[in-house]
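J.: My structure is below; once you've seen it, I'll send some questions.
Each reported figure results from applying straightforward, stated rules to the coordinates on display, with no laboratory input. Note that the structure is a prediction, hence the values are computed from the model and not measured. Cβ coordinates were reconstructed from backbone atoms using ideal geometry, including for glycine residues, and neighbour counts include every protein chain displayed.
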Amino acid sequence: MSDIRDTAVSPADLAASEATPEAKPVRRDRASWLWLLNTRLVLGLIIILIFIVGSFVLPFFAPHDPAQQATYMKNLKITPAHWLGTTALGQDTLWFLIFSIRNSLILGIFVGLGISAISTAIGLSAGYIGGAYERIVMLIVDSFITIPLLPILIILGALIRGNNNFFTIGLIIVIFGWAWNARTIRSMVLSLREREFINMARFSGAGTLAILVREVFPYVSAYLVVGFINTILFAINTEATLAVIGMSKVDVPTLGSIIFWALNYNALFTGNVVWLVAPIVATITLFLGLFLTSTGFNAAFASRRGVA
Amino acid sequence: MIRLNNVVARYTTVRGSINAVDGVTLEIPDGCILGVAGESGCGKSTLMKLIYGDVTSPMSLASGSIEYGFADGKGRAITSDNIRDVWFNRISYIPQSSMNSLNPVVKIGKQFVDFPGSDPDKKRVLAQVREYIGKLGLPAETLDAYPHQLSGGMRQRVMIAMATFFSPDLILADEPTTALDVVVQKDILLLLMDLQEQMGNTILLVSHDMGVHYQVTTRMLIMYAAKAVEYGDSESVFQAPLHPYTRMLISSLPTIGDDRARDGIPGRPPSLWQDLHGCRFADRCPLATARCRAEEPMLVEHKPGHWAACHYAGELADRAEAA
Amino acid sequence: MAVILKTTGLNKVYRLGSFTRSREIRALNDINIHVESDRPVIVSVVGESGSGKTTLAKTLLRLVEPSSGTATIYDNVVAGKGVTKLGRDFLGAVQPIFQNPFEAFSRYRPVDAYLHETATRVAGLDKAQANDAVAEALAAVGLDAVDVRGKYTNQFSGGELQRVSIARALIPKPNLIIADEPVSMIDASRRMIIINLFRKLKEEAGRSFLYITHDLATAYYISDFVAVMSKGTLVEFGPAKEVMSNPQHSYTRLLLDSIPTTRTRWRPRAAKAA
């Protein structure tokens with residue numbers, strides 16, 4: 001037995017010595033997340049963190065319900081009492097904005113989770129199980145993909161105008177938004193299915209569910225993280241677009257609805273530019289944060305793929 | 001004569017840098033077929049890249065130089081600084097995977113004609129090429145085909161044709177037959193040997209297959225952990241290897257008809273990330289002594305034309321001769 | 001005498017192309033193999049790429065369904081009529097070793113997880129027994145369970161990983177281990193470690209092997225029987241020493257002729273001045 005045993009070498013050497021100089025050195029400290037951090041990702045996370053903490057924590061300190069009209073004098077300029085002035089409806093712009101950001105984020109996260117859960121389950125199962133099941137499922141997926149979301153939402157909005165529950169919008173976005181991710185995940189699973197370790201797992205006695213969860217899922221998890229963040233972006237964007245054209249429940253403060261009200265009350269002409277500009281800047285910054293985080297994760301995962 | 005003067009090839013990464021080739025000094029005479037052997041990670045591919053002049057970040061020629069012994073069209077001596085200028089003219093390269101080297105959407109003929117610095121009269125070049133590939137056993141229709149329409153053996157012949165068309169002085173072949181079937185491999189190797197005999201150029205052949213080395217080469221270079229450990233005439237290296245690693249390498253390969261017990265070499269080469277002292281093979285060498293671990297053996301000519309980097313090579317050579 | 005491996009009229013046809021214009025590829029063409037023995041054997045299937053040897057391995061492992069024909073491994077019908085249900089019975093009788101050790105394990109899981117899974121799910125052992133079985137299997141391939149525990153694929157060399165792979169295949173004590181090009185991705189100087197291990201496991205643990213390879217030299221070294229395949233057809237079969245020293249089929253002769261050995265030269269070396 002001992003004649004075929006390798007001499008004991010430390011793990012770092014084990015990995016490095018076998019590697020050709022071209023291969024990147026292996027980091028074996030899995031507990032440390034340092035490999036994740038690159039400038040883009042850090043910047044994006046900081047932005048998002050500020051938005052999340054700000055919009056979820058600050059509302060507890062709000063003096064009044066910011067949506068309530070005629071609380072203050074109309075169209076006030078920036079003063080120490082009102083950091084962004086007031087709106088034409090007598091609301092404090094800053095507090096309204098904070099609540100809007102919070103609601104938009106809630107919607108985005110809710111939709112993101114919903115879409116991720118559904119598309120993952122469907123994509124994983126369709127890709128792995130194959131056969132008739134896959135064909136039927138992909139038929140449904142492709143049908144959903146080709147349905148354009150915005151016109152549907154506009155039609156639905158026009159039909160049940162005003163009676164829109166805020167979360168109905170979210171639900172509809174989920175229903176019409178899950179298909180694209182499902183197709184991508186299914187493609188990933190199709191190629192994973194051919195890999196040797198799947199067969200190894202089968203010969204180790206693993207069943208279909210165990211294989212999907214333990215073997216396949218880790219390989220798609222990188223995509224899922226990026227996909228989740230992109231979905232948040234997509235959801236907030238869609239809701240904002242709807243709100244701006246008045247299709248959403250504009251009583252509820254969201255980024256889109258602020259812009260809607262500001263446009264409706266001709267903020268530019270009345271000189272209350274801040275009312276319009278502030279939410280736009282906030283939206284752009286939030287999207288920037290989400291985008292940076294998404295591409296930052298992507299870059300981090302891609303750099304890791306080169307290893308091992 | 002190609003001279004390698006203490007060349008060091010360094011890979012610089014975020015984590016640090018390693019010397020994939022760590023001080024190799026050799027003289028390669030013209031007209032020989034030099035086989036370079038060693039396990040993965042020993043530096044043989046890096047050495048090829050270095051000699052070919054394909055030195056791009058993160059790899060760099062950290063120190064040392066290479067003199068090629070031939071001059072370019074203008075009479076300038078070629079060294080590691082300007083070797084790139086004479087690619088395909090004086091020096092060429094046959095890669096392992098022809099499928100990765102040929103443009104899959106361009107016909108073979110066009111890929112020949114696309115060489116920089118070749119005759120601007122495309123028709124004339126094509127005629128010459130057509131004639132040339134006929135000599136290599138390829139039908140003229142090859143030029144009108146796409147790479148995927150040819151078999152692996154034919155594609156590799158195309159690569160050899162491209163590499164030898166301008167009759168370069170030096171041809172580097174990195175595992176040229178590894179991806180081929182054993183029957184096709186024999187044809188390709190015989191072709192290479194024929195061409196070498198006709199053109200009298202020098203061929204550097206990297207292969208993990210010692211059988212290929214035995215059949216094809218006139219000189220052998222054995223590398224281990226970025227160092228050259230044995231260098232000499234093929235016959236001499238195979239019949240009476242001086243370095244323990246070479247001996248173990250040759251005896252680890254089974255041969256048909258030979259029923260002797262064979263053993264793989266246990267253990268692994270040392271990590272190049274560490275600071276290495278002494279002989280790099282000491283940990284796996286059955287003959288290692290304290291001197292081996294402390295003092296690095298230099299490549300010494302123990303027999304005429306046969307170098308080895310081992311403190312005990314001389315003794316072992318004498319013992320072998322006496323036996 | 002136990003029938004270790006028997007295939008009758010095994011065929012596999014792939015159809016390429018579309019509805020209107022398709023092409024047939026006969027990956028396996030009427031393969032008939034019969035190996036009977038009282039003692040464990042190593043059968044090598046040698047051939048070049050495209051010979052069908054990998055398709056044969058996949059068919060016997062039930063990763064691919066044959067177009068027609070039957071195959072039996074010991075008492076298990078693995079292909080064709082009466083095929084035993086794909087479950088513990090099959091997995092406990094036939095186990096694979098794959099070509100690329102780094103691909104054989106997920107890089108997100110510690111490799112010993114697969115060994116434990118095999119012990120509990122296929123061999124049906126409880127946790128304590130499983131630990132022992134895993135340690136025993138690893139010891140049989142020359143590895144210490146302590147060195148393997150909790151480690152991921154990139155912490156091993158190719159040779160070590162392949163040995164872990166072999167250990168995993170040993171755990172359910174299968175009748176036949178099918179090794180598909182198990183050493184072609186391992187450094188040449190370390191291949192014999194694995195090859196010698198196969199022989200040792202045959203002799204000491206009583207495991208039979210089906211060794212798929214393009215390398216005739218290693219096949220010669222350990223096989224009891226050799227099957228030579230070319231373009232989907234079995235061209236020669238017989239005891240290893242006989243086939244190698246006295247090949248009957250022209251293809252086998254061609255194959256043996258083309259191997260670059262370190263014994264006789266294709267071209268005599270003219271005495272060249274160095």
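J.: Please tell me the relative contact order of chain B in percent, rounded to the nearest whole number, where contacts are Cα pairs under 8 Å and at least six residues apart.
T.: Across chain B, relative contact order equals 19 percent.
J.: While we're here: If you find the alpha carbon centre of region B:204-246 and of region A:183-215, how far apart are they in angstrom?
T.: 44 Å
J.: Sticking with this structure for a sec: Taking other Cβ within 10 Å of each residue's Cβ, how do C:85, C:6, B:49 sort, fewest first?
T.: So the residues, fewest neighbours to most, are C:85, C:6, B:49.
J.: May I ask for the distance between the Cα centers of region B:122-200 and region B:274-301, given as a whole number of Å?
T.: Cα centroid to Cα centroid, the span is 42 Å.
J.: How large is log10 I(q)/I(0) at q = 0.12, 0.21, 0.28 Å⁻¹ when the Debye formula is applied to the Cα atoms of region C:210-274, each weighted equally and without solvent?
T.: So the normalised log intensities are -0.36, -0.87, -1.41.
J.: Which order do peptides A:142-151, C:199-208 fall in by mean Cβ count within 10 Å, highest first?
T.: C:199-208, A:142-151
J.: Per-residue ellipticity at 222 nm for chain B, helices alone: DSSP H runs ≥ 4 residues times -39500 (n - 2.57), over residue total, nearest 500 deg cm²/dmol?
T.: Value at 222 nm, helices only, nearest 500: -9000 deg cm²/dmol.
J.: Within region B:1-154, count lysine pairs with alpha carbon atoms under 18 angstrom apart where the residues are 8 or more positions apart or belong to different chains.
T.: The number of close lysine pairs in region B:1-154 is 4.
J.: Could you give the size of the charge dipole of region B:149-297 about its Cα centre, using +1 on the Cβ of each K and R and -1 on the Cβ of each D and E, expressed in debye and rounded to the nearest 20?
T.: That gives region B:149-297 a dipole magnitude of about 380 debye.
J.: A follow-up question, please. Give the span of region C:17-144's Cα atoms along each principal axis, as three whole-Å numbers ordered largest to smallest.
T.: The Cα atoms of region C:17-144 stretch 57, 39, 28 Å along the principal axes, largest first.
J.: Of B:314, B:88, B:100, which is farthest along the charge dipole of chain B in the positive direction, counting Lys and Arg as +1 and Asp and Glu as -1 at C-beta?
T.: Value: B:100.
J.: Per residue Cα convex hull volume for the protein assembly as shown, in cubic angstrom?
T.: Value for the protein assembly as shown: 240 Å³ per residue.
J.: In addition: When you look at the Cβ of every residue in C:252-262, what mean number of other chain Cβ atoms sits within 10 Å?
T.: Across C:252-262, the average partner-chain Cβ count within 10 Å equals 6.
J.: Using only the Cα atoms of region B:1-103, what are the Rg and Dmax in Å?
T.: 14.3, 43
J.: Just flag the trypsin sites (Lys or Arg not before Pro) in region B:52-140 sitting in loop per DSSP whose Cβ has no more than 14 other Cβ atoms within 10 Å.
T.: Answer in residue order: B:74, B:76.
J.: Arranged by the count of other C-beta atoms within 10 angstrom, fewest first, what order do B:306, B:213, B:277 take?
T.: In increasing order of surrounding Cβ atoms, one gets B:277, B:306, B:213.
J.: Evaluate E = 1/(1 + (r/R0)^6) for residue B:6 and residue C:85, where r is the Cβ-Cβ distance and R0 equals 60 Å; express this FRET efficiency to the nearest 0.05.
T.: Calculated value: 0.35.
J.: Which order do the peptides A:173-186, B:290-303, B:174-187 take when ranked by the mean count of other beta-carbon atoms within 10 Å per residue, highest first?
T.: Result, highest mean Cβ count within 10 Å first: A:173-186, B:174-187, B:290-303.
J.: Jot down the radius of gyration and Dmax of chain B, Cα atoms only, both in angstrom.
T.: 20.8, 67
J.: At 4 °C and 1.567 mPa s, grab the translational diffusion coefficient of chain C from Stokes-Einstein with a Kirkwood Rh over Cα pairs, rounded to a whole number in µm² per second.
T.: Rounded to a whole number, D works out at 65 µm²/s.
J.: Further question: Between residue B:106 and residue B:294, 0.36 nm times their residue separation minus their Cα-Cα distance comes to what?
T.: 62.1 nm
J.: Something else now. Rounded to the nearest 0.05, what FRET efficiency is calculated for residue C:233 and residue A:147 with R0 set to 41 Å and r the Cβ-Cβ distance?
T.: 0.20
J.: Sort B:93-104, B:226-237 by packing, meaning the average of other beta carbons within 10 Å per residue, with the highest value first.
T.: Highest to lowest by the protection proxy: B:226-237, B:93-104.
J.: I would also like to ask the following. Can you grab the distance from the C-alpha centre of region A:43-115 to the C-alpha centre of region B:86-111, Å, no decimals?
T.: So the separation of the two Cα centres works out to 63 Å.
J.: Ok, one more. Over its Cα atoms, what ratio of radius of gyration to 2.2 N^0.38 Å does region A:149-273 give?
T.: In units of the globular-protein estimate, region A:149-273 measures up at 1.55.
J.: Next up: Could you please rank A:269, A:217, B:165, placing first whichever residue has the fewest other Cβ atoms within 10 Å of its Cβ?
T.: Listed from fewest to most nearby Cβ atoms, that is A:269, A:217, B:165.
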